[in-house]
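Report on the following structure.
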Amino acid sequence: MFGRIWAIALNTFREAARIRVLYGILVLVAGANLMALVLGQMSIHEEQRVARDIGLAGISLFGSLTAIFLGVFLLYTEVQRRTIHAIVSKPIERWEFVVGKYLGMAIVLTILVGLFGLAMCGMLTLQGVGVSSAVVKAIVLAWFEVLTVAAIAIFFSSFSTPFLSGIFALAMWSLGRVTPDIQAAIEHGSAWIQATARFALEIVPDLHLFSPSGRLVDSATVSVHGDFITWGYVGLSALHALGWIAGLLAIACLLFQRRDFA
Amino acid sequence: MFSGPVPETENVIVVRDLQKTYRTPFRRRKVEALRGISFQVERGHIFGFVGPNGAGKTTTIRTLMGLIRPTGGSATILGHAIPSRAARFKVGFLPESPYFYDYLTIGELLDLAGRLFGLEARERKQRADQLIDRVGLGRARSQSLKKFSKGMLQRAGLAQALMNDPELVVLDEPTSGLDPIGRKEVRDLILELRDQGKTVFFSSHILTDIEAIADQVAIVARGSLQASGTPAELVKRTVLGIDVKVRLAADVGIDELTAGASHVRRTADELAVTLAADADVDAWLAAAHAKGARVVAVEPRHETLEDLFLRQIAGADAASAATEGRV
């Protein structure tokens, strides 16, 4: 079983590595870090803060957008180009194919987040600041966010076109980032807003968990520039991500199982 | 205790009343792609599946290979009800107009196929090398599939279908897009597979290919099976007519010779006619001799698979038109 999943993952990695847009995104992230350097110089003794904020925002934003892009295209193009015909006619279960595709994407995204993180750490080192454990925790959290977004995209891609999947995944990602605001709407909004907000909270993963800087955690405000969350928090957030990833992939596998490849 | 599948005699494929109905996305109109197809494929035979475009050949094959779920009926492959992963271990499949990952080389494609069949690394390498040479792609080893011609892709598809040394080989239009030499090579490969004891199920538009190599034939049209059996059973051996060709000067009148002929072709110095099966050929030849003709050929005309095919398709079209008329 793992051999077949690994074969698909390896092939997906090869396929994704050929997508030139990814190299463009790498250039964008390098550019964002350079911009952080310039903006830092323009600030009053806030160079490190600017570098951290822009670096982490870049990982989260570009990582998630890349995850959506890969997720909505890589599975769909297999069906569209009919490359899947020669694959699922071999002794591989369809769920193994979906999991293999996700695993391949996860490897690509892990390498991208790793490169983004290295660029950011390089920038911080250039500025004479060490890489704190808070920064490492923030990068790990961003990585789990990106992996969750990839699962969202592949879930929609299992039954929809890239355009619709992209819109749905972007909407879910955006809602997931503002779950505290949705929570607030439940407390203060009218009846129908409350009902809608409650429903939204049920169907979106709490992606806000993965960018806790500036939020209240256990009655204390945490910041990547000062007192940050514990590794225990990172572990719990990882479990939250893994739960969503497993759930979304399970539904994607069920939907994919029922599809005709005509 | 025996827990494997129960073999259904020596039939490698058994299809019973297989149906597939699609619904159009918005109007939910029914489209019947398969209307209850039944046939069997015997072990060690070459089975030719023939029909016009849109007849249901590819839908049948994709249903057998687990790509499409049937809406009715049943089928077994090597004793396993479809879709069966266990059966797919022993089946090699070449899809119609095969699409592969164009960034891979032929070696990488075969390695991927071998991994999906669970072959060990050494076996994958050995088998891939053999197959690359067998399908004549040795010189293209280092090229990506993107640079392959259609014929080369077809060969690559055949190689990946044979990676698991299958008992049953299913080929959807294997000679499509190939030049005459390529078609001959594919036909030879199919015959070689049968000689190795494998069963080959292949679809084709090209009736001469089917007639040349198939042990069993099924004709499908409009989602229904029109006829099936061995070519000898299907094609009538009775004489349909007699083709006569004579050399004859251009200025000689031929009215007497062409009366009653179903087909006449006149060139500068030749006359070819098709006479009725019960025509008096001796009398016709005597009349031709009297006009100074010299006999080139006299040949009885039997029904061909093409005649049968055209007759069956015309019948299916007429039946379908009658049904639609009633509706």
request  = With a cut-off of at most 14 other beta carbons within 10 Å, and DSSP calling the residue loop, which GluC sites (Glu not before Pro) in the stretch B:204-270 qualify? Please list them.
outcome  = none
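Suppose every K and R has +1 on its Cβ and every D and E has -1 on its Cβ; what is the size of the dipole of the protein assembly as shown about the Cα centre, in Debye to the nearest 20? Display every interim value, and only then the final one.
Values: 61 positive and 56 negative charges, 155 e Å.
The calculation lands at about 740 debye.
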ask   = Okay, helix-only estimate at 222 nm for chain B: each DSSP H run of n ≥ 4 adds -39500 (n - 2.57), divide by all residues, round to 500 deg cm²/dmol; what do you get?
value = -10000 deg cm²/dmol
Rh by Kirkwood over Cα pairs, then Stokes-Einstein D for chain B at 1.002 mPa s and 20 °C, µm²/s = 94 µm²/s
task = Taking every Cα atom in the stretch A:206-262, find the radius of gyration and the maximum pairwise distance Dmax, and write them in Å.
result = 17.2, 57
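Taking the Cα centre of the stretch B:59-174 as origin, work out the dipole magnitude from +1 charges on Lys and Arg Cβ and -1 charges on Asp and Glu Cβ, in debye rounded to 20.
Working: 17 positive and 12 negative charges, 38 e Å.
It comes to approximately 180 debye.
Which translational diffusion coefficient, to the nearest whole µm²/s, is obtained for the stretch B:106-209 from the Stokes-Einstein equation, given a Kirkwood hydrodynamic radius over C-alpha pairs, 10 °C and 1.306 mPa s? Please report the intermediate quantities before stating the final value.
Values: Rh = 14.1 Å.
The estimated diffusion coefficient comes to 113 µm²/s.
Within the P(r) computed for the stretch B:260-319, what percentage of the Cα pairs occupies the region above 15 Å? The partial results should precede the final answer.
Numbers: 1118 of 1770 pairs.
Of all Cα-Cα distances in the stretch B:260-319, 63 percent exceed 15 Å.
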request  = Would you list the P(r) distribution for the protein assembly as shown, with all Cα-Cα distances sorted into 10 Å bins from 0 and each bin expressed as a whole %?
outcome  = 3, 14, 19, 18, 15, 12, 9, 5, 3, 2, 1, 0
request  = Would you mind computing, in nm to one decimal, how far apart the modelled labels at B:V239 and B:V31 are, each placed 7 Å from Cα along Cα→Cβ?
outcome  = 4.9 nm
inquiry  = Tell me the angle of helix B:281-290 to the major Cα principal axis of chain B, expressed in degrees between 0 and 90 and rounded to the nearest ten.
reply    = 50 degrees
Folded to 0 to 90 degrees: helix A:133-157 orientation relative to chain A principal axis, Cα = 30 degrees
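Could you tell me the calculated FRET efficiency between B:Q130 and B:R294, based on Cβ-Cβ distance and R0 = 60 angstrom, to the nearest 0.05? Can you show the working numbers first?
Values: r = 56 Å, r/R0 = 0.93.
The formula returns an efficiency of 0.60 here.
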ask   = Which residues in the stretch A:150-192 place their backbone N less than 17 Å from a point set 7 Å from the Cα of A:A57 along the Cα-to-Cβ direction?
value = A:174, A:177-178
query = If you line up the long axis of helix B:106-116 against the longest principal axis of chain B, both from Cα atoms, how many degrees apart are they, to the nearest 10?
reply = 60 degrees
query = Taking the simple approach of a point 7 Å from Cα along Cα-to-Cβ for both A:L236 and A:I193, what is their distance in nm?
reply = 2.9 nm
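Let's test the formula: R0 of 22 Å, r as the Cβ-Cβ distance of A:L37 and A:H225. What FRET efficiency results, to the nearest 0.05?
Efficiency computed from Cβ-Cβ geometry: 0.80.
Using the Cα centre as the reference, give the magnitude of the dipole from point charges on the C-beta atoms of the stretch A:2-258 (Lys, Arg: +1; Asp, Glu: -1; all else neutral), rounded to the nearest 20 debye. Intermediate results must be reported in sequence, preceding the final value.
Values: 16 positive and 14 negative charges, 202 e Å.
Roughly 980 debye for the stretch A:2-258.
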query = Taking every eigenvalue of the Cα gyration tensor of the stretch A:1-154, multiplying by 5 and rooting it, what semi-axes result, largest first, whole Å?
reply = 36, 14, 11
The stretch B:158-169 - phi-based ³J(HN,Hα) in whole Hz, Karplus 6.51/-1.76/1.60, Gly and Pro as x = 5, 4, 5, 6, 9, 4, 9, 6, x, 7, 10, 10
remark   = Between B:E42 and A:A262, the two model label points (7 Å from Cα along the beta-carbon direction) sit apart by a distance in nm of 3.5 nm
query = Loop-only check: which chymotrypsin sites (Phe, Trp or Tyr not before Pro) in the stretch B:14-119 are DSSP coil with at most 10 other Cβ within 10 angstrom?
reply = B:F26
query = When the helices in chain A are scored as -39500 (n - 2.57) per DSSP H run of 4 or longer and the sum is shared across all residues, what 222 nm value do you end up with, to the nearest 500 deg cm²/dmol?
reply = -26500 deg cm²/dmol
query = When the Debye formula is applied to the Cα atoms of chain A, each taken as the same point scatterer, what base-10 log of I(q)/I(0) results at q = 0.13 Å⁻¹?
reply = -0.88
remark   = So for R0 = 41 Å, FRET eff. of B:K147-A:L201 from the Cβ-Cβ r, to 0.05, ends up at 0.20
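Each reported figure results from applying straightforward, stated rules to the coordinates on display, with no laboratory input. Worth saying up front: this structure is predicted, and the values here are computed from it rather than measured. As a convention, Cβ positions derive from the backbone with ideal geometry for all residues, glycine included, and neighbour counts pool all protein chains shown.
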